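Here is the structure we will look at, set down as structure tokens.
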Amino acid sequence: MALPWFADAGVLYFRRDLLAEYGAAVPDTWRQLTETARKIQDGERVRGRRRMWGFVWQGRAYEGLTCNALEWIHSAGGGSIVDRTGRVTIDNAKAAGALTLAASWIGSITPPGVLNYAEEEARAVFQAGDAVFMRNWPYAFALASQPESPVAGRIGIAPLPRGDDAPPSATLGGSQLAVSRYSRAPEAAVELVRALTSVGEQEWRAIKAGFHPTIEQLYEDPELLAARPLFSELQKVFAGAVARPSAVVGRRYNQVSNEFWNAVHDVLSGRRSAEASLAALAERLRFLSGGERW
């Protein structure tokens, strides 16, 4: 048991100046992102910017890839790996289509090296001015907006694109505070947790340090929005966030996520088709669950 301390969810970063220059809108779907990224990337390379890429994200075989792939799949109507009843649902045509589209980005609008990118590698490329779009967590905005950043004042944030037939999805992240059962001062620890997660403390942390509150009413607070205008946009992102299936699979979650990100990485790297990789993944997850459900 824990109390939410601050929220997090995946967002789309974009170069406002480049979209304006090319007469392009912020993409609503992943297919639109693919087309817009390619158009601007190719246009910039003709101008001599050979290092420009259309879209960077987290493709290394680790938890970050679980987050990215869950966003692609859930926003395509492909579910969330395991549903709320514990049934393995990942082996479906919409999930396979989402991964097939993502695999088409490698070497096209996304650098081949993305297969070893985590958050900071993606940010380094985007912040250097060498990418049109980036998927990352909200923390990257403050860093990319520092005065010495090559893209300072030229970036925007939007909800991630959606699939063709489903709303956008952002993987839910964040941090919680809990008290250990072995605490020597549990009552004092509980009071500290209550204080750190209170309305006043969450508002102060949001204004001073950019941490995103877990209390919904704060996203309508005039003082907070004056200090952090982008929070009004981020509220929409958090409202549509998708949770990883940790509550369903419990202590097996690390195994489930490991199986998932490796299966996705196989698709992105061209080792297996999406259909074959997801079929094998579903079989493996059913084995781990000991049956049809967790």
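The values are calculated or read from the model by the stated rules, or taken from the named source; none is laboratory data. Note that this is a predicted model, so its numbers are computed, not measured. As a convention, Cβ positions derive from the backbone with ideal geometry for all residues, glycine included, and neighbour counts pool all protein chains shown.
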Checklist outcome for this item: Taking region 220-244 and keeping only residues that are over 21 Å from the mean Cα position of the chain (by Cα) and part of a helix (DSSP H, G or I), one is left with 220, 222, 223, 224, 225, 226, 227
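For every residue, the table says whether it meets (1) polar (S, T, N, Q); (2) touching a Phe, Trp or Tyr at 6+ places or on another chain (Cβ under 9 Å); (3) under 16 Å from residue 8 (Cβ atoms).
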| residue | (1), (2), (3) |
| --- | --- |
| 90 | no, yes, no |
| 97 | no, no, no |
| 108 | yes, no, no |
| 113 | no, no, no |
| 117 | no, yes, no |
| 132 | no, yes, no |
| 140 | no, yes, yes |
| 156 | no, yes, no |
Checklist entry - Could you list, in sequence order, the residues of region 281-294 that are over 24 Å from residue 112 (Cβ atoms) and either of a type in the set (A, V, I, L, M) or crowded, with 16+ Cβ neighbours inside 10 Å (or both)? => result 282, 284, 285, 286, 288, 289, 294
Item to check | Residue among 220, 275 that is touching a residue at least 40 places away in the same chain (Cβ under 8 Å), among the acidic types (Asp, Glu), surrounded by fewer than 21 Cβ atoms within 10 Å (Cβ to Cβ) and out of contact with any strand residue (DSSP E or B) (no Cβ under 6 Å at 6 or more places or on another chain) | outcome: 275
Checklist entry - Picking from 81, 73, which residue would you name as being in contact with a Pro (Cβ under 8 Å, 6 or more places away or on another chain), in contact (Cβ under 8 Å) with a residue 24 or more places away in the chain and either acidic (Asp, Glu) or assigned by TED's automatic domain parsing to the domain that holds residue 265 (or both)? => result 81
Item to check | The lone exception for residue 193 - which of (1) in contact with a strand residue (DSSP E or B) (Cβ under 6 Å, 6 or more places away or on another chain); (2) assigned by TED's automatic domain parsing to the domain that holds residue 17 it fails | outcome: (2)
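The rows are residues; the columns are (1) of a type in the set (Gly, Ala, Ser); (2) assigned by TED's automatic domain parsing to the domain that holds residue 107.
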| residue | (1), (2) |
| --- | --- |
| 203 | no, no |
| 214 | no, no |
| 224 | no, no |
| 244 | no, no |
| 260 | no, yes |
| 267 | no, yes |
| 277 | yes, yes |
| 285 | no, yes |
Checklist entry - Can we say residue 246 is free of Cβ contacts under 8 Å to residues at least 12 places away in the same chain, within 25 Å of residue 167 (Cα to Cα) and of a type in the set (Gly, Ala, Ser)? => result yes
Checklist entry - For region 92-202, list the helices (runs of 4 or more DSSP H) that sit wholly inside it and hold at least 2 residues that are small (Gly, Ala, Ser), surrounded by 15 or more Cβ atoms within 10 Å (Cβ to Cβ) and touching a helix residue (DSSP H, G or I) at 6+ places or on another chain (Cβ under 6 Å); which are they? => result 93-105, 140-144
